[in-house]
Amino acid sequence: MKQSMYSPDDFMNGIYDKLRAEPYKNIATEDTALEVGEIIRKKTEQVLNISKLRNLSSEFNPVPVGKKLECPEYSLQKYSFELCEGLSTSVYILTPKKIKKPAPGVVALCGHGYGVRQILNITKRGNKKLIPYIDNYQKNFAVELAKRGCIVAAPELFGFGEARLKKDLIKPFYISSCDELSHHLLPYGLTVASVRVFQAIACAEILLKNENVDSEKLSCMGISGGGLTALYASVIDKRFKKTVISGYINTFRDSILSLWHCPDNYIPGMLNIGEIYDFASSLAPRELLIESGKKDKLFPIESSIKAHKEVERIYSLVGASDKLTIDIFNGKHSVSGAKSFDFLAK
């Protein structure tokens with residue numbers, strides 16, 4: 001390896017310890033832990049700048065698009081609504097055929113790949129997919145939740161699938177627009193995560209307007225980049241009573257800052273608030289389920305386990321150990337579902 005005294009390696013390795021915040025360090029009481037959680041919530045909202053997008057938005061009025069897809073256990077309808085001025089969002093609503101009213105409502109957030117259709121088991125044209133997606137790490141989790149009685153809202157996240165830049169729509173489905181969108185939003189003090197978190201919050205509001213949804217059973221689930229979105233949306237919006245984070249809980253140092261990740265993972269100012277596990281801890285005492293695969297190469301299990309322990313400490317401190325579930329499963333970077341599907345359906 002070539003050597004240069006001007007290489008910034010040492011600087012980059014050292015800046016983490018010098019500048020990152022440790023909001024829960026030396027916190028020893030329930031009240032102070034809860035106070036820190038509220039501070040994290042407010043700072044997260046400021047860093048993501050959701051207020052800028054809200055200033056551009058109006059009331060969300062979803063309009064049906066195309067025909068309803070009828071499946072044996074659920075129906076699926078695509079809707080379109082204006083998220084904010086100049087930006088429309090599509091969202092698929094899955095409604096169980098046998099529904100116990102009021103039903104749990106879940107905002108389902110996909111990761112990188114085919115876009116939202118990868119968690120819906122549908123084709124590009126909106127038909128039911130007969131041949132499964134190859135190595136579908138997302139496990140059609142929106143469908144699995146609908147089968148268990150949840151009313152699910154699954155948006156096409158900003159930069160994925162149909163929500164890519166026009167020039168990217170001709171490219172293979174798995175190529176996102178995250179890179180260019182991430183760079184172009186920075187001068188405005190926004191990030192791709194800002195828009196996606198706002199999408200999740202908008203879908204929560206849409207679900208809460210559904211008379212069949214129990215407002216006390218509103219939840220959020222995401223995998224990978226969708227896990228990022230689910231985490232920060234839940235930090236900001238306390239209406240999410242339960243959250244499932246799959247393939248994301250780790251440390252910035254050992255995942256986002258040590259391995260190649262899509263630019264949508266890099267949000268200016270987040271380490272000034274805390275580590276990934278601090279954001280997860282701030283959800284206490286709300287219910288949280290974390291899925292981590294033993295063979296996950298993007299979010300190494302050793303660091304995930306360290307993060308789990310930090311979250312467990314704060315949940316225990318606020319007397320909410322029974323509200324935290326951790327599923328360490330023998331798999332790769334993927335949804336588990338072994339505990340999470342039934343967890344959200346309760």
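Which of the pairs Lys52/Lys217; Lys167/Lys209; Lys67/Lys97 have their Cα atoms more than 25 Å apart in this structure? The answer is Lys52/Lys217; Lys167/Lys209.
Think of the chain as a dipole: +1 on every Lys or Arg Cβ, -1 on every Asp or Glu Cβ, centred on the Cα centre; then among Ser80, Gln46, Pro96, Pro96 lies furthest on the positive end. When Rg and Dmax are taken over the Cα atoms of segment 33-119, they come to 17.1, 49 Å. Given +1 at the Cβ of Lys and Arg, -1 at the Cβ of Asp and Glu and no other charges, the dipole of the chain around its Cα centre is 1220 debye to the nearest 20. Mean projected area of the convex hull spanned by the Cα atoms of segment 23-345, taken over all viewing directions: 15.4 nm². In this simple spin-label model, placing a label point 7 Å from the Cα along the Cα-to-Cβ direction at both Asp168 and Leu130 gives a separation of 3.2 nm.
Paramagnetic label reach from Glu302 (point 7 Å along Cα→Cβ; backbone nitrogen cut-off under 19 Å): within segment 216-259, residues 248-259. When each of the peptides 8-14, 18-24 is scored by how many other beta carbons lie within 10 Å of its residues on average, the order from highest to lowest is 18-24, 8-14. Think of segment 129-239 as having a plus end and a minus end, set by charges on the Cβ of Lys, Arg, Asp and Glu; of Leu186, Leu228, Leu169, Leu169 sits farthest toward the positive end of this dipole.
Label zone of Leu186 (point 7 Å out along Cα→Cβ, amide N under 17 Å): in segment 1-34 this covers 12.
Taking GluC sites (Glu not before Pro) in DSSP loop conformation with at most 12 other Cβ atoms inside 10 Å as exposed sites, the chain has its longest uninterrupted site-free stretch at 212-346. Here's the list of aspartates and glutamates a cross-link from Lys78 could span, going by alpha-carbon distance under 13 Å and ignoring same-chain residues fewer than 8 apart: Glu70, Glu156, Glu162.
Over the chain, what is the mean sequence separation of C-alpha contacts under 8 Å (at least six apart), divided by residue count, expressed as relative contact order in percent? Let's see the in-between values first.
Working: 695 pairs, mean separation 68.1, N = 346.
Here the relative contact order equals 20 percent.
Read the figures in this text as sums done on the coordinates, not as results from a lab. Just so you know, these numbers come straight off a predicted model, no measurement behind them. Quick reminder, even Gly has a Cβ in these numbers, built from the backbone with ideal geometry, and neighbours come from all protein chains shown.
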